[in-house]
Amino acid sequence: MIRVRFAPSPTGMFHVGGARSALFNWALAEQAGGRFVLRIEDTDAARNRPEWIDGIVSALAWIGIDAGSPLFEGPYFQSAYSEQHRRAVDTLVAAGRAYHCVCTRDEVEARTGSEHRGYDGFCRDRGLTEGAVRFRTPDEGVTVVKDLVRGTVEFPHTAMEDFVVARADGSPLFMLANVVDDVEMRISHVVRGEEHLSNTPKQQLLWEALGVTPPVWAHLPVIVNEKRQKLSKRRDKVALEAYREEGYLAEAMVNYLMLLGWGPGGDREIMPWAEMAPLFSLEDVNPSPAFFDEKKLRAFNGEYIRALPLPEFVARCEPWLEPGWDREVFAKVAGLAQTRVAVLSEITANVDFLFLKEPVFDQAAWDKAMKNSAAEILGGYLARLEKVEMDPESLKTALEEVGAEYGLKLGKAQAPVRVAITGRTVGLPLFESIEALGRERSAERIRAALARLTG
Ligand code: GLU
């Protein structure tokens, strides 16, 4: 059975790169009816917090990796396996594959010179029974890692020191704990980020030394920003949660993340998970860096938003609407807004004018619109607004007429009215906005703008 895993260290935020790894693993589990194991690598106890673990589970749920699915196993906690870790260390020592070492860094440097990198093997045959434990790497030959994404990668043993697997107090290091857990959890495929490729020869040696056939390896390409720098949490927006809060739809996010290093082929990129997951294959993953293109993600999101049935769009907007806003009024303009927003959070600025007592004036918009014959246009339109039919077509004709009196095309005549009504120069179509706002409130706003303009 295919058993994959996702093994995050809880660090307080869920990285988009982690989400990509999780999705690739999930696709493999789904295809094969295998298992997706969630293992929290929480041995760095000082840094762990329970809410981060909830954060991982809910982030996974958001992208469709549901802890309630029969394919899902865990979460398991690395910290609960310390007995197994210790036993593995004992086994390695007993078999002569690892040994105790009491050398300090200064001692090693004094023997080898500070240029020499790595451990010199001083304690290898001293038969010590305490101190840190080092794995005895072979002196000659190479470890051949067969990676489904990268092909065959050779690591010469001469460049590999006897690395530490457990500290002097018996606690295991990442390298060992990670392997022992994968062995315990009978993981068949290790699919993770490229930054772990350099650990892989050591881990493969550990698998073999523990007498277990190593898993299939696949290291996913690094994700870079527009400057081709590896995405970093200090520089780039990397938290999945940040995208969620901005109003990215989970399905758009999932679709986009699947394209970071892979694609369904052909010229179709927008594809729902249910169609995409069966096509996924590790062999087709491209090892070169994957560009995280936020503009493209936005465009994807806009497409997904426009494809939502209107009632569904209305429901998804709910978190961005203030509690006091009239939902019936919102529903009237929602369809217009749906074609205009790329992320759901943009809904607020599009519709708030309907619900606020006064529009929020954008000063630059005001300055731009309220000049030349603005006052005359506003005055003329205000007069017509008393008797005009309240439908977009009639509202438009009325403004065309006013504009014509001053030699202005509709586009120019609209500007002051739009700013008076909505406070902005861009937004929903003007005449639908006036219809939704109603005769009284629209007239009131034009009056207020006139007062502001002339007063
Ligand atoms: N806990 C490791 C990390 O967060 C992952 C280790 C692995 O996938 O093997 O980077």
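The values are calculated or read from the model by the stated rules, or taken from the named source; none is laboratory data. Nothing here was measured: the structure is a model prediction, and the numbers come from that model. Here Cβ is always computed from backbone atoms with ideal geometry, including for glycine, and neighbour counts include all displayed protein chains.
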When every residue in region 200-220 that is without any contact (Cβ under 8 Å) to a residue 12 or more places away in the chain and part of a loop (DSSP other than H, G, I, E, B) is compared, the one farthest from the ligand (Cβ to nearest atom) is Gly211
If we ask which residues in region 370-414 are under 13 Å from Leu450 (Cβ atoms) and among the aliphatic types (A, V, I, L, M), their number turns out to be 8
From the option list Ala59, Ala80, single residue qualifying as in contact (Cβ under 8 Å) with a residue 24 or more places away in the chain and out of contact with any strand residue (DSSP E or B) (no Cβ under 6 Å at 6 or more places or on another chain) is Ala59
Scanning region 77-127 for residues that are assigned to a helix (DSSP H, G or I), exposed (fewer than 13 other Cβ atoms within 10 Å of the Cβ) and among the small types (Gly, Ala, Ser), the one modelled with the lowest pLDDT turns out to be Ala110
Practice task
Could you tell me whether region 146-160 includes any residue that is in a loop (DSSP other than H, G, I, E, B) and under 23 Å from Val93 (Cα atoms)?
Solution key: yes
| If you check Gly265 against the conditions, is it of a type in the set (Gly, Ala, Ser) and surrounded by fewer than 21 Cβ atoms within 10 Å (Cβ to Cβ)? | yes
Against the condition in a helix (DSSP H, G or I) and modelled with pLDDT of 95 or more, how does Ala342 come out, does it pass? no
For region 100-122, pairs from a residue that is more than 12 Å from Ala132 (Cβ to Cβ) to a residue that is in a helix (DSSP H, G or I), with Cβ under 7 Å and 6 or more apart or across chains, are Asp120/Val108; Asp120/Arg111; Asp120/Thr112; Phe122/Arg111
Picked from region 181-199 (must be touching a residue at least 60 places away in the same chain (Cβ under 8 Å) and within 7 Å of the ligand (Cβ to nearest atom)), the residue farthest from Arg5 (Cα to Cα) is Gly193
Exactly one of Ala242, Ala168, Ala177 is more than 13 Å from the ligand (Cβ to nearest atom) and part of a helix (DSSP H, G or I), and that one is Ala242
Looking for something outside any loop (DSSP other than H, G, I, E, B), farther than 29 Å from Ala415 by Cβ and in contact with a strand residue (DSSP E or B) (Cβ under 9 Å, 6 or more places away or on another chain) - is there at least one such residue anywhere in region 318-335? no
Exception for Arg234 within (1) modelled with pLDDT of 95 or more; (2) more than 14 Å from the ligand (Cβ to nearest atom); (3) within 26 Å of the chain's Cα centre (by Cα) falls at (1)
Of the candidates Pro214, Pro221, the one satisfying the condition of being more than 10 Å from the chain's Cα centre (by Cα), at pLDDT 95 or above and within 18 Å of Pro287 (Cα to Cα) is Pro221
If we take region 373-447, then helices (runs of 4 or more DSSP H) inside it with 1 or more residues that are of a type outside the set (Ser, Thr, Tyr) and over 48 Å from the mean Cα position of the chain (by Cα) are 374-385, 392-405
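Let's see how each residue does on (1) among the charged types (D, E, K, R); (2) closer than 30 Å to Pro319 by Cα:
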| position | (1), (2) |
| --- | --- |
| Ala349 | no, yes |
| Pro359 | no, yes |
| Ala364 | no, yes |
| Ala375 | no, no |
| Ala383 | no, no |
| Thr397 | no, no |
| Gly407 | no, no |
| Val426 | no, yes |
| Glu432 | yes, yes |
Taking the conditions exactly as written (assigned to a loop (DSSP other than H, G, I, E, B), of a type in the set (Ser, Thr, Tyr), out of contact with any Pro (no Cβ under 9 Å at 6 or more places or on another chain) and away from the ligand (no atom under 16 Å from the Cβ)), does Ser69 satisfy them or not? yes
Across (1) surrounded by fewer than 18 Cβ atoms within 10 Å (Cβ to Cβ); (2) outside any helix (DSSP H, G or I); (3) of a type in the set (Asp, Glu), Asp236 clears everything bar (1)
Inside region 8-63, the number of residues satisfying the requirement of being assigned to a helix (DSSP H, G or I), within 23 Å of Gly261 (Cα to Cα) and within 13 Å of the ligand (Cβ to nearest atom) is 9
By residue number, the members of region 369-412 that are in contact with a Leu (Cβ under 9 Å, 6 or more places away or on another chain) and of a type in the set (Ser, Thr, Tyr) are Ser373, Tyr381
